[in-house]
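Laboratory data are not the source of any read-out in this text; all were calculated from the coordinates shown. In this text the structure is predicted, and so the values were computed from the model without any measurement. No Cβ is skipped: glycine too gets one built from the backbone with ideal geometry, and neighbour counts run over all protein chains shown.
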Amino acid sequence: MPACLTTRDIRGRVLNSANLRPTYDAALHGLACARCGSTTGLRPGGYAYTLCREGGLLGWPVRVCGACPAWGHQ
C-alpha cells in the first residue's frame, strides 16, 4: 500500500509546536511531504497549523509529493 494511504496527514490536525516530531518539523518547513514524509517531487499542498504559546494558531504553507492528494484530508 502506498505510504500516502497509511500515514496521518498533518494538515488535518493542530500540532503542538513545543513538542514536534522531526518528521513534522521537516514537513512544516517544506522539506518533506505533509502526508507521507517523502522528500521527492514536492508541490504546494495547503496549510498545516501549530499552536502558539499565546494560544493562537500559526499557519504553515506545506508541500505534498506527487503520490499524495494536494487538498483535503483523506
Being outside any strand (DSSP E or B) and among the hydroxyl-bearing types (S, T, Y), is that true of even one residue in region 44-53?
no
What number of residues in region 22-74 are under 12 Å from D9 (Cβ atoms) and basic (K, R)?
1
